[in-house]
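The values are calculated or read from the model by the stated rules, or taken from the named source; none is laboratory data. Here the structure is a predicted model, which is why all the values come from computation and not from measurement. Glycine also receives a Cβ, built like all others from the backbone with ideal geometry; neighbour counts cover every protein chain displayed.
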2 protein chains.
Amino acid sequence: MREIAIIGVGQTPVGEHWDASLRMLAADAVRAALEDAGITEVDALYVGNAYGAPISSQSHLAPLIADHSGLNGIETFTIEAAEASGGAALRAGYLAVASGVVETAMVLGVEKSTDMIGTARTGARSVSLDADYEAVHGATLPALAALLMRRYMSEFGIELSAFENFTINAHANGGKNENAMYRNRIKPGSFAHAPMIADPVSLFDSAPDADGAAAVILTSAERAADLVPQPIRITGSGAASDTLALHDRDDLLTLKAVTLSTRKALTQAGIEREAIDLLELHDAFTILSVLALEAAGFAERGAGWKLADQIGLDGELPISTFGGLKSRGNPVGATGIYQAVEAVLQLRGQAGANQVADAKTAVIQSVGGIASTVITHVLQS
Amino acid sequence: MREIAIIGVGQTPVGEHWDASLRMLAADAVRAALEDAGITEVDALYVGNAYGAPISSQSHLAPLIADHSGLNGIETFTIEAAEASGGAALRAGYLAVASGVVETAMVLGVEKSTDMIGTARTGARSVSLDADYEAVHGATLPALAALLMRRYMSEFGIELSAFENFTINAHANGGKNENAMYRNRIKPGSFAHAPMIADPVSLFDSAPDADGAAAVILTSAERAADLVPQPIRITGSGAASDTLALHDRDDLLTLKAVTLSTRKALTQAGIEREAIDLLELHDAFTILSVLALEAAGFAERGAGWKLADQIGLDGELPISTFGGLKSRGNPVGATGIYQAVEAVLQLRGQAGANQVADAKTAVIQSVGGIASTVITHVLQS
């Protein structure tokens with residue numbers, strides 16, 4: 001296979017876009033990415049979206065967006081993997097361009113969560129859980145995360161406060177990101193007293209569903225070098241899966257697909273964990289970040305929470321450098337592409353107040369469900 | 001890129017499987033394909049599905065199916081392109097294996113239409129139309145097909161009876177296919193008197209929504225030659241798109257994406273139309289077959305219906321050789337993969353009573369919406 005690089009990125013602000021539909025948000029990101037790359041067309045458009053059908057009553061999004069973005073006629077289809085839809089779309093685009101069949105591909109993630117609100121949206125979001133064994137009993141994603149968090153706290157004798165710095169860090173970084181949804185700071189000590197959503201998962205522990213769209217443009221590294229001054233290479237790409245239902249797992253606290261996916265991506269890139277300058281995790285809930293750090297090999301089992309003091313922009317392992325899902329917001333099917341856009345800005349040195357110094361290697365990880373789908377990419381300058 | 005071949009196929013009967021869920025149907029097809037290929041594992045599973053979320057309240061299908069099929073852990077995600085989801089999944093699998101990153105991939109299509117019935121399903125199915133400009137006004141896919149058919153009949157002065165042989169042919173072939181949903185014959189003359197669904201589209205003109213799953217296994221042609229006696233090569237693959245809403249098109253009766261997609265696939269395969277031994281069209285409505293024949297270059301504009309007497313198993317251009325969508329049935333997201341399975345059986349000479357003599361080249365075409373997504377593949381023995 002040939003080497004792949006990202007030559008353009010685009011994003012909309014993340015938030016509640018009551019005045020914009022799915023196609024409008026998407027077209028904004030498409031145009032921004034084309035402008036960033038300095039090109040006017042691509043050969044294919046791969047769309048990551050998770051909830052267009054259940055929330056916006058709109059599937060078959062890919063040709064709709066292609067047409068609305070001025071790309072009518074091109075190859076296009078949608079990729080779905082629940083909350084990992086963005087990462088999976090990036091994987092699909094990576095494979096397409098790697099094949100040599102597709103020369104230049106746009107990978108877009110888009111979600112419009114606010115087309116539905118309240119308990120209706122909670123129900124709509126639950127279609128990505130196991131319908132026959134989880135959703136039917138009223139399980140929701142926050143509720144399942146709460147089960148894991150309680151088990152983790154019990155098994156390792158850990159207090160709620162151990163998790164707070166993940167949220168404090170996310171909001172500290174998101175506060176500097178003009179595209180972030182919630183830019184307020186979280187004060188030390190307030191995490192443990194936040195309103196409960198699903199005990200022990202609180203409001204300060206749960207990423208907000210949001211609207212947004214983000215896009216990256218991929219082409220061969222060879223062609224990229226002719227087109228843009230700072231192509232960012234994708235040097236590793238790994239995808240893995242696990243059961244949907246938690247009760248089907250041997251060990252609740254081991255995110256197997258994180259282990260498999262991370263190993264594949266790092267092995268392909270030929271890098272050790274020490275070489276990673278920043279890590280964009282799927283921090284929908286702090287327990288997911290902690291368990292992912294352990295499963296990905298950055299910490300021993302039961303010790304992931306101890307990394308909380310090393311994740312700042314100037315720490316050993318910066319995480320959620322633009323605010324992560326928690327502060328930047330979680331436009332579900334777009335989130336994996338926001339991670340890619342943010343990593344590219346870091347590796348170009350264009351991250352402004354969110355810049356990680358001398359960032360040369362970034363790892364981004366897109367997670368669907370409770371790590372039922374995990375897609376990991378290594379990006380390098 | 002390297003050449004790709006199909007080394008295994010599997011399918012469930014198409015019909016109303018009230019006793020089987022999405023995951024059960026899917027696992028049956030996965031197991032059948034593995035057995036057919038004589039292997040026990042694959043590196044990736046790509047799932048085509050259109051209506052899991054709106055009809056079965058189940059998205060995030062790919063890891064669910066992988067796990068239920070004994071493939072827990074592997075790379076997997078879902079591809080959606082409305083009625084072309086199966087063809088799009090085949091395209092995604094083709095690109096993945098062509099890249100060399102994935103050695104062996106299973107491409108599965110699955111749909112469970114009967115999890116919802118009556119007008120509820122009609123509404124759920126409409127999420128793939130333009131939500132803001134078509135579905136909101138009550139448009140359905142049969143209604144849009146009816147608009148095209150009426151316009152076609154008016155513009156070219158054609159009677160309803162001109163379309164009947166497409167249905168008669170489909171049922172004649174489907175009657176010999178033990179996996180077909182409706183195996184009854186349609187008598188000449190009865191087409192024009194069938195109960196209307198959306199005038200002039202009648203019951204005998206409209207393919208039935210169905211349950212079913214089908215799978216194909218892809219690997220490099222080089223590896224395929226070592227594994228199975230009769231690998232079937234994919235020599236052409238083309239994808240294209242058009243507007244979702246009909247009012248956005250310059251010409252209602254030109255299926256632009258069919259033209260683009262067919263041209264790409266035939267050019268890549270390096271074949272002329274005369275070399276095609278059988279053609280599996282998306283015959284959800286006879287007007288779609290007629291317009292596709294014209295857009296794909298088999299007939300002049302307004303003359304596609306004249307091919308109706310050449311489409312039998314022993315005709316110049318056999319169509320719907322196992323019954324097509326109309327008689328075999330339309331398990332929506334699986335239909336594009338049923339086409340692939342049937343083409344492989346034809347090219348292997350294993351089509352039994354449905355065999356097209358000396359079939360060496362097959363073209364299959366998967367269509368989403370009114371040709372908003374079109375994916376065409378050329379398969380050769």
Only listed residue being within 22 Å of residue A:374 (Cα to Cα) and crowded, with 24+ Cβ neighbours inside 10 Å, chosen from A:89, A:29, A:33: A:89
Restricting the range A:95-105 to residues that are facing chain B (nearest Cβ under 8 Å), outside any helix (DSSP H, G or I) and not small (Gly, Ala, Ser), the residue that is nearest to residue B:1 (Cα to Cα): A:101
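Quick check on residue A:244: is it at pLDDT 95 or above and within 14 Å of chain B (Cβ to nearest Cβ)?
Working: at pLDDT 95 or above: yes; within 14 Å of chain B (Cβ to nearest Cβ): yes.
When the stated conditions are applied, residue A:244 passes them.
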Given (1) more than 27 Å from residue B:351 (Cβ to Cβ); (2) outside any helix (DSSP H, G or I); (3) at the interface with chain A (Cβ under 8 Å from one of its Cβ atoms); (4) modelled with pLDDT of 95 or more, index of the condition residue B:50 fails: (1)
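Please determine whether any residue of the range B:111-126 is assigned to a loop (DSSP other than H, G, I, E, B), more than 20 Å from the chain's Cα centre (by Cα) and closer than 30 Å to residue A:104 by Cα. Spell out how you get there, then give the answer.
To start, the set of residues in the range B:111-126 that are assigned to a loop (DSSP other than H, G, I, E, B) comprises B:116-117.
Of the ones still in play, those that are also more than 20 Å from the chain's Cα centre (by Cα) are B:116-117.
Of the ones still in play, those that are also closer than 30 Å to residue A:104 by Cα are none.
No, the range B:111-126 contains no residue that is assigned to a loop (DSSP other than H, G, I, E, B), more than 20 Å from the chain's Cα centre (by Cα) and closer than 30 Å to residue A:104 by Cα.
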Only listed residue being polar (S, T, N, Q), more than 11 Å from the chain's Cα centre (by Cα), over 23 Å from residue A:74 (Cβ atoms) and surrounded by fewer than 24 Cβ atoms within 10 Å (Cβ to Cβ), chosen from B:381, B:327: B:381
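Hey, among B:262, B:167, which residue is more than 14 Å from chain A (Cβ to nearest Cβ), among the β-branched types (Val, Ile, Thr) and either more than 21 Å from the chain's Cα centre (by Cα) or buried (at least 18 other Cβ atoms within 10 Å of the Cβ) (or both)? Write out each step before concluding.
On the way: B:262 fails: more than 14 Å from chain A (Cβ to nearest Cβ).
Just one listed residue meets the conditions, B:167.
Look at residue A:257 and say whether it is out of contact with any Phe, Trp or Tyr (no Cβ under 8 Å at 6 or more places or on another chain), under 20 Å from residue A:152 (Cα atoms) and within 14 Å of chain B (Cβ to nearest Cβ).
Numbers: out of contact with any Phe, Trp or Tyr (no Cβ under 8 Å at 6 or more places or on another chain): yes; under 20 Å from residue A:152 (Cα atoms): yes; within 14 Å of chain B (Cβ to nearest Cβ): yes.
Yes.
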Residues of the range A:109-132 that turn out to be more than 10 Å from every other protein chain (Cβ to nearest Cβ) and surrounded by fewer than 22 Cβ atoms within 10 Å (Cβ to Cβ), as a count: 8
Condition met for residue A:92 (facing another protein chain (nearest Cβ under 7 Å), assigned to a helix (DSSP H, G or I), among the aliphatic types (A, V, I, L, M) and farther than 22 Å from residue B:256 by Cβ): yes
Every residue from the range A:31-47 that is in a strand (DSSP E or B) and among the small types (Gly, Ala, Ser): A:44
Scope the range B:58-78; condition surrounded by fewer than 20 Cβ atoms within 10 Å (Cβ to Cβ) and either at pLDDT below 95 or within 8 Å of another protein chain (Cβ to nearest Cβ) (or both); matching residues: B:72, B:73
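Which residue out of A:192, A:207 is small (Gly, Ala, Ser) and at pLDDT 95 or above? Don't jump to the end; show me each part of the working.
On the way: A:192 fails: at pLDDT 95 or above.
The unique qualifying residue is A:207.
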